[in-house]
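Chemist: First the structure, then my questions, so here it is.
Since every read-out is calculated from the coordinates, none of them should be taken as a lab result. As the structure is a computational prediction, the values presented were derived from the model and not from experiment. Reconstructed Cβ throughout: ideal geometry from the backbone, glycine too, with neighbour counts over all protein chains shown.
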Amino acid sequence: MNSGTSPAMQAERSSRTAVVMEHNMEAFARGDLDAVVADYADDAVVVNDLFGIARGRSEILALFEKLLSEVFPPDRVTVEHIAQVITGGIAFYTWRANNVTFGTDTFVVEDGKIVLQTFAAQFIDAEEEK
């Protein structure tokens, strides 16, 4: 963290991060993976507890294709955001879905692109749903 950043510069960076994140979340909700991946830097990294690490846009696209087809199909799963915190180039979200009791994502945004994302989720056991 750069303690030398003025409050005005921090607020401006937070605002730019919020714009990137709003676009990314809306695109994901629509299932528009080309728009989702366009928000990532060419050398971005996504670390997750389901499928490991994805590096670069092509691996990130493959990860999201797998997530939408196997884990979060838009026609069957609804995601609800619980909380959002954005400070500077960092965005932190908590969320739940009808197949997830608790999920969390953290994003690092630089120069208008996501350079790092981590996410983890606690899934509802299929036996619990019965």
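Chemist: Which of the residues belonging to segment 71-92 are closer than 18 Å to Val47 by Cβ and either over 14 Å from the mean Cα position of the chain (by Cα) or without any contact (Cβ under 8 Å) to a residue 40 or more places away in the chain (or both)?
Modeler: Residues satisfying the conditions are Val71, Phe72, Phe92.
Chemist: Take Val79 and tell me if it is touching a Leu at 6+ places or on another chain (Cβ under 7 Å), surrounded by 14 or more Cβ atoms within 10 Å (Cβ to Cβ), among the aliphatic types (A, V, I, L, M) and under 30 Å from Glu12 (Cβ atoms).
Modeler: no
Chemist: Could you say which residue among Phe107, Phe72, Phe92, Phe119 is over 22 Å from Asp34 (Cα atoms) and of a type outside the set (Ser, Thr, Tyr)?
Modeler: Phe92
Chemist: Quick one: which of Asp125, Asp43 is without any contact (Cβ under 8 Å) to a residue 24 or more places away in the chain, charged (D, E, K, R), surrounded by fewer than 16 Cβ atoms within 10 Å (Cβ to Cβ) and more than 19 Å from Arg30 (Cα to Cα)?
Modeler: Unique residue meeting the criteria: Asp125.
Chemist: Are there any pairs with C-beta distances below 7 angstrom linking a residue in segment 21-40 that is surrounded by 14 or more Cβ atoms within 10 Å (Cβ to Cβ) to a residue that is among the basic types (Lys, Arg) and not in a helix (DSSP H, G or I), with the two at least 6 apart or on different chains, and if so which?
Modeler: So the pair list comes out as Asp39/Lys113; Tyr40/Lys113.
Chemist: Suppose the filter is of a type in the set (Asp, Glu) and within 30 Å of Asp125 (Cα to Cα); does Glu110 pass it?
Modeler: no
Chemist: Please verify whether segment 51-71 includes one or more residues that are surrounded by 15 or more Cβ atoms within 10 Å (Cβ to Cβ) and under 25 Å from Met9 (Cβ atoms).
Modeler: Checked against the condition, which is being surrounded by 15 or more Cβ atoms within 10 Å (Cβ to Cβ) and under 25 Å from Met9 (Cβ atoms), segment 51-71 yields no hits at all.
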